[in-house]
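**Student:** The structure follows.
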Amino acid sequence: LERKFLDIKRCDLNIKSNNSSHHTELYGEERLIVRRGQPFVIVLRLNSDSKDFKLGPLPRKQSGTKFTFSLSDHTVDTEWSASAISNSPRNTVSVSISSSPNSPIGVYSLTVDQEGQKTSLGQFTLLFNAWCPGDAVYMRSEPERQEYVLAQHGQIYRGTCKRITGTPWNFGQFEQGILDICLKILDENPKFVSDADKDCSARRNPIYVSRVLSAMINSNDDRGVLTGEWVNFVGGVHPGLWIGSGDILRKWAKSGPVKYGQCWVFAAVACTVSRSLGIPCRVVTNFGSAHDGNANLVIENLYNEDGERIDSGDSIWNFHVWVDSWMTRPDLGSEYDGWQTSDPTPQETSDGVCCCGPASLRSIKEGELTKKYDAPFIFAEVNADVVDLVRQSNGEFVKFSGSTNSVGRFISTKAVGSDKRDDITHQYKYPEGSKEERKVYERAKHNNKLQQQGEVPGLHLKIKLSDNMMVGSDFEVYAVLTNNLMEARTCNLMFFAKAVSYNGRLGESCGFTSDKVTVLKYDSYGSVINSDRLIQLSAIAINKQTIDYHKAEKTIVLDAPEIKIKPVTAEMTLLNTLPEPLKDCSFTAEGVGLTDGKPITVKIEAVGPKQEARASVKFTPSSAGSSVLLVNFDSDKLRNIKSFINVVVKY
């Protein structure tokens, strides 16, 4: 018998329809982008009728990155398969192709092989699929899929636990070229460089991918995306000026590691890349976030006998930002499925690399610190105890204060479907002071072979603040020392004020007094605070006769003037609240579908004290629908001031 082959004139990848059904239409119509475990349809236009052909992506069968399969009566949703669809027009064959929900993500070539005669049909990109029950990243809730996979803008929370503010951010995972950059990040990770075949095969596993991203978003051990910097920003962009991930990723793709990032920037970029690849992801802020340098689950604040701080390697950040990604954990057991914490900010090494996670939220909440990855470090960030110790002249340390509830407060993420803050502290730990929370802490300490230290009752020292602490103004702060003992105590009181960064790094002094009341003047703090606008207040009460030390500490964030944005005209104003002029002023605006994927910066002249900075931005929306216009104001003395406005574009 004479065997006929398909005489293929051309292949229609049916991009618009396929991308729509796979929730990838926001990537555009230039290429076929589908999600794994879900069928897509291509149309072969023929010059003549034929049969018997095989379809398969390349290149390697043994690694699970090449699949060969024959045309059959129906597709199978658990493996690669293809079937012809009836009622196709003459001289066409419509083929439904289904991928395995466990396939590696990436760019595939589609080829028809007719007994050695191969014809290329084109390429497609395969992503993780939160809509597929067989995929490890499957999410049941459609509103959550819309938020954690498809939403292109969000809120990142910063400040202190007493004053939480939302910072708008453009994730922009569907902007032109971003997906290719995200795949490039995977291709430049050291594991791919050392063994490309093994690395590509492992990309079937979102646990592996999220751990690679945790390492590659920072540039500490590789040519990752962002270089971290907390002190000197010469030669780069101050972290507070970024308002979207797209600009950062494009700069990295063009010229390598981008300067500079801090925790919220690392986390925001990690969220963009995760969502672009199809992994549901949220940005999480932990207020009072502990950095446990010696892994004993205790933050030890050390002082000498004069009340001066000694570096212990431990610290408490006013806030710290990371990401949670949604996936199953077959390596740990189904009870550990769900949200997994990863932290791309370079702090400590894990397996010799600056990365952290993914660690199951359940393992953190239950104190199961033997579960990988990096559970002890993340547990300490949200639930470490704090102890204050004085080093005596004989070298011994004496505890004089402590806290079991100051770490891990108001853990926050953007709410699903709104710009409201969602407090998710309960997902990370039991209520502070509850029996369950203390039991978990004891279990965690047992896992780390520790013994809990008791608390010392006595005098209580607190710091109180003035209202309306606007940057540029002078204001009072004062200490209150309460004696709950039966006998009198005579103490010396010292009051310190220092500029501080959000990660707990102390700067220069901006005030000292031995009185219970001090006035912080702009003349003293204006030149030493940074764009975080944070000042750390420390009060120390000392009774040297009884070796009795008491400490109160509070970090304050100064209010910033508000950016006012007028819709339609995009006119922006900001009042200079400082008693001195602002120089090098600029407004930067960016919005998905509004500014062509790029920030627009308008520079203006110097703005006098108590005067308004004014600017307007013209932009042409590229698509209809709802979006968000983000605005950042920058100057030599007022920095890191952001606002946003919702925009609805109609045609």
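The values are calculated or read from the model by the stated rules, or taken from the named source; none is laboratory data. As the structure is a prediction and not an experimental result, all values here were calculated from the model. Cβ sites come from the backbone with ideal geometry, for glycine too, and all protein chains shown count toward neighbours. These area figures cover heavy atoms from the full protein model, side chains too; ligands, DNA and RNA do not enter into them. Shrake-Rupley method; radii C 1.70, N 1.55, O 1.52, S 1.80 Å.
**Student:** Which of the residues that make up region 152-180 are open to solvent by 20 Å² or more (accessible area, probe 1.4 Å) and assigned to a loop (DSSP other than H, G, I, E, B)? Full working, then the answer.
**Tutor:** Of region 152-180, the ones open to solvent by 20 Å² or more (accessible area, probe 1.4 Å) are 152-153, 161-166, 175-177, 180.
Those that are open to solvent by 20 Å² or more (accessible area, probe 1.4 Å) and assigned to a loop (DSSP other than H, G, I, E, B): Gln152, Cys161, Lys162, Glu175, Gln176, Gly177.
**Student:** Among the residues in region 359-373, are any small (Gly, Ala, Ser) and open to solvent by 10 Å² or more (accessible area, probe 1.4 Å)?
**Tutor:** Within region 359-373, not a single residue is small (Gly, Ala, Ser) and open to solvent by 10 Å² or more (accessible area, probe 1.4 Å).
**Student:** Something else: Whether any residue in region 480-498 is assigned to a strand (DSSP E or B), open to solvent by less than 10 Å² (accessible area, probe 1.4 Å) and at pLDDT 85 or above is what I want to check. Spell out how you get there, then give the answer.
**Tutor:** Residues of region 480-498 that are assigned to a strand (DSSP E or B), as a first pass: 480-482, 492-498.
Next cut, open to solvent by less than 10 Å² (accessible area, probe 1.4 Å) only: 495, 497.
Cutting the leftovers down to at pLDDT 85 or above gives us 495, 497.
Checked region 480-498: at least one residue is assigned to a strand (DSSP E or B), open to solvent by less than 10 Å² (accessible area, probe 1.4 Å) and at pLDDT 85 or above.
**Student:** A follow-up question, please. Looking only at residues in region 415-429 that are farther than 20 Å from Arg158 by Cβ and assigned to a loop (DSSP other than H, G, I, E, B), which one is most open to solvent (accessible area, probe 1.4 Å)?
**Tutor:** Gly417
**Student:** I would also like to ask the following. Please go through region 605-636 and give me each residue that is aliphatic (A, V, I, L, M), surrounded by 15 or more Cβ atoms within 10 Å (Cβ to Cβ) and more than 22 Å from the chain's Cα centre (by Cα), ordered by number.
**Tutor:** Val607, Ala613, Ala615, Val617
**Student:** Right, here's the next one. Out of Asp343, Asp292, report the one residue that is among the acidic types (Asp, Glu), closer than 27 Å to Pro168 by Cβ and buried (at least 20 other Cβ atoms within 10 Å of the Cβ).
**Tutor:** Numbers: Asp292 fails: closer than 27 Å to Pro168 by Cβ.
From the options Asp343, Asp292, the qualifying one is Asp343.
**Student:** Take the residues in region 324-339 that are touching a Lys or Arg at 6+ places or on another chain (Cβ under 7 Å) and touching a residue at least 40 places away in the same chain (Cβ under 8 Å), then tell me which one is most open to solvent (accessible area, probe 1.4 Å).
**Tutor:** Leu332
**Student:** On the basis of being surrounded by fewer than 23 Cβ atoms within 10 Å (Cβ to Cβ) and part of a loop (DSSP other than H, G, I, E, B), does Tyr138 make the cut? Break it down into steps so the answer makes sense when it comes.
**Tutor:** Working: surrounded by fewer than 23 Cβ atoms within 10 Å (Cβ to Cβ): yes; part of a loop (DSSP other than H, G, I, E, B): yes.
So Tyr138 passes the test.
**Student:** Hey, another quick one. Name the residues in region 231-265 that are among the small types (Gly, Ala, Ser), within 28 Å of Leu534 (Cα to Cα), surrounded by fewer than 22 Cβ atoms within 10 Å (Cβ to Cβ) and in contact with an Asp or Glu (Cβ under 9 Å, 6 or more places away or on another chain), would you?
**Tutor:** Within region 231-265, the first condition is being among the small types (Gly, Ala, Ser), and the residues that meet it are 235-236, 240, 244-246, 253, 255-256, 261.
The next check asks that each one be within 28 Å of Leu534 (Cα to Cα); those that pass are 235-236, 240, 244-245, 261.
This time we only want the ones that are surrounded by fewer than 22 Cβ atoms within 10 Å (Cβ to Cβ), so: 235-236.
Of everything in region 231-265, just one residue is among the small types (Gly, Ala, Ser), within 28 Å of Leu534 (Cα to Cα), surrounded by fewer than 22 Cβ atoms within 10 Å (Cβ to Cβ) and in contact with an Asp or Glu (Cβ under 9 Å, 6 or more places away or on another chain), namely Gly236.
**Student:** Restricting the search to region 109-135, which residues are part of a strand (DSSP E or B), open to solvent by less than 10 Å² (accessible area, probe 1.4 Å) and modelled with pLDDT of 90 or more?
**Tutor:** Narrowing region 109-135 to residues part of a strand (DSSP E or B): 109-114, 117-127.
Adding the requirement that they be open to solvent by less than 10 Å² (accessible area, probe 1.4 Å) leaves 110, 112, 114, 124-127.
If the condition is that a residue be part of a strand (DSSP E or B), open to solvent by less than 10 Å² (accessible area, probe 1.4 Å) and modelled with pLDDT of 90 or more, then Phe124, Thr125, Leu126, Leu127 are the ones that fit.
**Student:** Would you check which residues across region 367-414 are part of a loop (DSSP other than H, G, I, E, B) and within 19 Å of the chain's Cα centre (by Cα) and list them? Write out each step before concluding.
**Tutor:** To start, the set of residues in region 367-414 that are part of a loop (DSSP other than H, G, I, E, B) comprises 367-374, 384, 392-396, 404-408.
Within region 367-414, Tyr373, Asp374, Gly408 qualify.
**Student:** Moving on. With the structure loaded, tell me whether Asp52 is of a type in the set (Asp, Glu) and at pLDDT 60 or above or whether it fails that test.
**Tutor:** Values: of a type in the set (Asp, Glu): yes; at pLDDT 60 or above: no.
No.
**Student:** From the list Glu436, Glu432, which residue is without any contact (Cβ under 8 Å) to a residue 12 or more places away in the chain, open to solvent by 40 Å² or more (accessible area, probe 1.4 Å) and not in a strand (DSSP E or B)?
**Tutor:** Numbers: Glu432 fails: without any contact (Cβ under 8 Å) to a residue 12 or more places away in the chain.
Just a single option satisfies the conditions, and that option is Glu436.
**Student:** How do the pairs read when you match residues in region 8-32 that are on the phi > 0 side of the Ramachandran plot and not assigned by the TED database to the domain that holds Ser622 with residues anywhere that are open to solvent by 30 Å² or more (accessible area, probe 1.4 Å) and in a strand (DSSP E or B), using Cβ under 6 Å and keeping only pairs 6 or more apart or on different chains?
**Tutor:** Partner pairs satisfying both residue conditions: Asn14/Val41.
**Student:** Could you check region 185-228 and list, in sequence order, the residues that are acidic (Asp, Glu), open to solvent by 50 Å² or more (accessible area, probe 1.4 Å) and not in a helix (DSSP H, G or I)?
**Tutor:** Just the residues of region 185-228 that are acidic (Asp, Glu), to begin with: 187-188, 195, 197, 199, 221-222.
Now narrow it down to the ones that are open to solvent by 50 Å² or more (accessible area, probe 1.4 Å): 187-188, 195, 197, 221.
Glu188, Asp195, Asp221, listed by residue number.
**Student:** Please report, ordered by residue number, the strands (runs of 3 or more DSSP E) entirely within region 566-651 with at least 3 residues that are farther than 22 Å from Ile248 by Cα and of a type in the set (A, V, I, L, M, F, W, C). Show your work before the answer.
**Tutor:** On the way: elements: 571-575, 585-590, 600-604, 612-616, 625-634, 641-649.
Per the criteria, 571-575, 641-649.
**Student:** Follow-up question, since we're still on this one. Any residue in region 364-385 that's outside the structural domain of Thr341 (by the TED database): show its pairings with residues that are at pLDDT below 90 and surrounded by 24 or more Cβ atoms within 10 Å (Cβ to Cβ) at Cβ separation under 7 Å, as long as the two are six or more apart or on different chains.
**Tutor:** Here the result reads none, with nothing in region 364-385 linked to a residue that is at pLDDT below 90 and surrounded by 24 or more Cβ atoms within 10 Å (Cβ to Cβ).
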